[in-house]
1. Taking 0.36 nm per intervening residue step and subtracting the Cα-Cα distance, what contour gain separates residue 6 from residue 42 on full extension?
2. Modelled label-to-label distance, residue 52 and residue 21, 7 Å Cα→beta-carbon offset: nm?
3. Express the relative contact order of segment 1-67 as a whole percentage, based on alpha carbon pairs under 8 Å and six or more residues apart in sequence.
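Taken together, the values in this text are just the output of simple stated rules run on the coordinates, not laboratory data. Because the structure is a prediction, the values reported are computed rather than measured. In this analysis, Cβ positions are derived from the backbone assuming ideal geometry, glycine residues included, and neighbour counts consider all displayed protein chains.
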């Protein structure tokens, strides 16, 4: 497993050599990736939805955590830049 978002990912790929590995990440294309967005279905407004994408399908997950987490703020910043 290599964190594709890590600045040292190229080094880890080189060190893996001929060994099999999977990459995961949120910010770059990877074998396993994900996107975060607020989940609005909780009555108190808590929650994030993480859509995990693997080669064959997308697996949505609802995480009931306070919205003001690092990932939620990162999502909000991305949305503001897109507008």
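1. 9.7 nm
2. 2.0
3. Once normalised by length, the contact order is 22 percent.
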